[in-house]
Amino acid sequence: MIQTAVATWTVLGHILPELLLIGIGVLLIGCDLFIPRQRQVLPWLMVIGCITALIMVLGARPVTAFGGMFLVDGYAMVFKTICLGAVILTALSSEPFWQVFGARQGEYYSLLLFSLVGMLLMASAGDLMVLYLGLELMALPVYALVGMHKRDQRTSEAAVKYFLMGAFASALLLFGMSFLYGLTGTTEIGRIAELIVSMQLDANPALLAALGLLLAGLCFKVAVAPFHFWTPDVYEGAPTLVTAFMSVGPKAAGFAIFGRVLLYGLPQLQNHWGPILAVLALLTMAVGNITALCQHSLKRMLAYSSIAHAGYALLGLLAGTDEGMAATVAYLVIYLFMNFGAFAVLMLLAAPGQSREALDACKGLASRHPAIAALMLVFLFSLTGIPPTGGFIGKFYLLRAAFIAGYPLTVVGAVLFSAISAFFYLRVVRLMYMSDADDPVTLTCSPAMGAVLCVCLAGTLGLGLFPGFLLNWIVAALAGN
């Protein structure tokens, strides 16, 4: 009996970060119900829980648990770190944002944590069923988060649209998984790769159909064209804070399962999915960057920018190697800081009853608030890929990986579309520094939001000036060292 209890606890110890976050999520609901006057402590409890989980993740030893269904390895560690970082930044930004909009909703914090648990499961999934379980656990709370502003018609429309499109994409994923199970008789990702070789299924039409269905579902989750149509409306309709979270956290988790399925489950089909991803990457960069040129809303512009950056991140997957995956992970880390920083500035522009999401809201920002304008300048330069910011280094690693993989035309296209992106990013800079404000307002920055901006600035510039540490850590983690 004692040995059984010890064995059970040892197995549960592998998912201790996830169990901790679930417990804190339930605790936050109780605190909001029974001590409503102390709601200001909720985001701080959340931050403490996420930091504790991050320490557990970084200190965990590589192990395969639950019969290969749950993997604690370097691959999972780097993606879990990104997702935890995204939620920590979101939590620190939460209280000032909800104060501006006059809403104090405790369930928001719990939904955010439950979504995080789904992302952590996705990163550690060694089995298609666990992968799908984590995907749905991540997505269902996000559907509710998108519709948090119940009185806003745009928010309700965005939530319904995201739910319907998400359900359709999940059906495609399940259909593809059923094909794989029917062909191989297993849902274990590593075992699928072995059976494809031993059973010589490489050219099987059913396997290629499964690949197509899986790619369609996965592309939806990371907003890759032509599966991106939900993104602009959902990003624009959702509360800005939720949009910031969606653009970094769930996107990173989506790339985690993208790499896990393609690199570890279907590596023998790289000659099929490699060229497909190259075309999709170019199409995504084209749609994202060109459509962003004609936007008059800063929030919607950043939404199309997020689509374009999904195309850049795909470049690292083309080679089907750990080096290419390391380039994608490094870019996602940098993207976390520069994109969340840009959304944080957008949140600062908001006022009670006014979202101020139009590009004109940036007019004269440098004369009124030079420090905030300078921060936005750095984040926009990084999103464009201008040195010495992290965005330049991240794109360099991705282009290098794609070129080595034998996709020179894709690299040329990526460079051209990156140049196009400078037009709409630098348009915001022009409005901040070369235009007069139509409606001068005073912006207030809380200590928590100030900390978020400082962290994003340090990450954007630090990883641009000293990128070696990040890439070495990622390569070592993916290699299992």
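The values are calculated or read from the model by the stated rules, or taken from the named source; none is laboratory data. Note that the structure is predicted; figures quoted are calculated from it, not measured. Neighbour counts are summed over all protein chains in view; Cβ atoms, including those assigned to glycine, are modelled from backbone coordinates with ideal geometry. With ligands, DNA and RNA removed, areas are computed over all heavy atoms of the protein, side chains included. Shrake-Rupley method; radii C 1.70, N 1.55, O 1.52, S 1.80 Å.
Summary table
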| quantity | calculated |
| --- | --- |
| Some residue of segment 453-469 being small (Gly, Ala, Ser) and touching a Pro at 6+ places or on another chain (Cβ under 7 Å) | yes |
| Residues being farther than 19 Å from Gly85 by Cα and open to solvent by 60 Å² or more (accessible area, probe 1.4 Å) - total across segment 425-471 | 13 |
| Some residue of segment 351-358 being among the hydroxyl-bearing types (Ser, Thr, Tyr), open to solvent by 10 Å² or more (accessible area, probe 1.4 Å) and closer than 25 Å to Ser446 by Cβ | yes |
| Flag if Val378 is in a helix (DSSP H, G or I), over 23 Å from Phe469 (Cα atoms) and hydrophobic (A, V, I, L, M, F, W, C) | no |
| Residue count, segment 306-322 (criterion: of a type in the set (Val, Ile, Thr) and open to solvent by less than 10 Å² (accessible area, probe 1.4 Å)) | 1 |
| Scan of segment 55-76 for residues that are β-branched (Val, Ile, Thr), out of contact with any His (no Cβ under 8 Å at 6 or more places or on another chain) and surrounded by 18 or more Cβ atoms within 10 Å (Cβ to Cβ), ordered by number | Val57 |
| Meets criteria (assigned to a helix (DSSP H, G or I), farther than 18 Å from Ala313 by Cβ, among the β-branched types (Val, Ile, Thr) and under 30 Å from the mean Cα position of the chain (by Cα)) for Val234 | yes |
| Hits in segment 277-304 - residues which are crowded, with 24+ Cβ neighbours inside 10 Å and of a type in the set (Ser, Thr, Tyr) | Thr284, Tyr304 |
| Tabulated pairs, segment 12-37, first over 13 Å from Leu113 (Cβ atoms), second open to solvent by less than 30 Å² (accessible area, probe 1.4 Å) and β-branched (Val, Ile, Thr), C-beta under 8 angstrom, 6+ apart or interchain | His14/Val72 |
| Pairs, first touching a residue at least 40 places away in the same chain (Cβ under 8 Å) in segment 164-185, second acidic (Asp, Glu) and surrounded by fewer than 21 Cβ atoms within 10 Å (Cβ to Cβ), C-beta under 7 Å, six or more apart | Ser170/Glu136 |
